[in-house]
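Every number here is computed from the coordinates shown, using simple stated rules; none is lab data. Keep in mind the model is a prediction, meaning the values are calculated, not measured. Glycine gets a Cβ as well: all are built from the backbone with ideal geometry, and neighbour counts include every protein chain shown.
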Amino acid sequence: MTGPSLKQLHAHKQIHDTGLGLAIEMTDDLIVKFREGDEKEIVTQVVEIVEFWESRVLSHAEAEEEAGGLYAEMEAKSPELHDKVQMLKRDHDLLKQVVTKIKMQMENEGFSTQIIDYCRTLIILNEMHSRDEEKFLLA
Ligand SMILES: [Fe+2]
Ligand SMILES: [Fe+2]
């Protein structure tokens, strides 16, 4: 997910939107499985959701923050973007914290409906973050 595509609004927005769509789909699936009540299926789905957020979204965030990545480049080009970049980094941090909460809670207490709340929180946070990123850095 590195390379020039992150610096192009259209390609970058597409990565955001594809990810968002998948996250919504997987979370909706989790709710269906929760209603069906099959414990094993529920746990499998949560594991898949966590893997999705880590491999698709948190790794995307890491690429944006890495040395020479999008954030560093934009800030070097336009130093006035510093505060916006800090805000966007904080969003990444919150996403990471919520993913960690899901993992910790699954490990310590197992599934509860709070996991669904965390999944929905990730979707909302990520959508707000993506729109701001597109507006501040890519428009
Ligand atoms: Fe980002
Ligand atoms: Fe992004």
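So how many Lys-Lys pairs in the chain land under 14 Å Cα to Cα, not counting same-chain pairs under 8 apart? It would help to have the intermediate numbers written out before the result.
Details: Lys7/Lys77; Lys7/Lys135; Lys13/Lys135; Lys84/Lys135.
Total qualifying Lys-Lys pairs in the chain comes to 4.
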**Asked** In degrees from 0 to 90, rounded to the nearest 10, what is the angle of the helix 113-133 Cα long axis to the longest principal axis of the chain?
**Response** 10
**Message:** Let me spell out the model: positive unit charges on the Cβ of Lys and Arg, negative unit charges on the Cβ of Asp and Glu, origin at the Cα centre of the range 4-138. What dipole size does that give, in debye rounded to 20?
**Reply:** 260
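With the cut-off at 1.5 for a/c, could you classify the range 4-138 from its C-alpha gyration tensor as rounded, prolate or oblate? Intermediate results must be reported in sequence, preceding the final value.
Values: a/c = 2.80, a/b = 2.19, b/c = 1.28.
Prolate, because a/c is 1.5 or more and a/b exceeds b/c.
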**Message:** Under 5 Å between amide hydrogens, which residues at least 5 positions from Phe111 or on another chain qualify, with H placed 1.01 Å from N in the peptide plane?
**Reply:** none
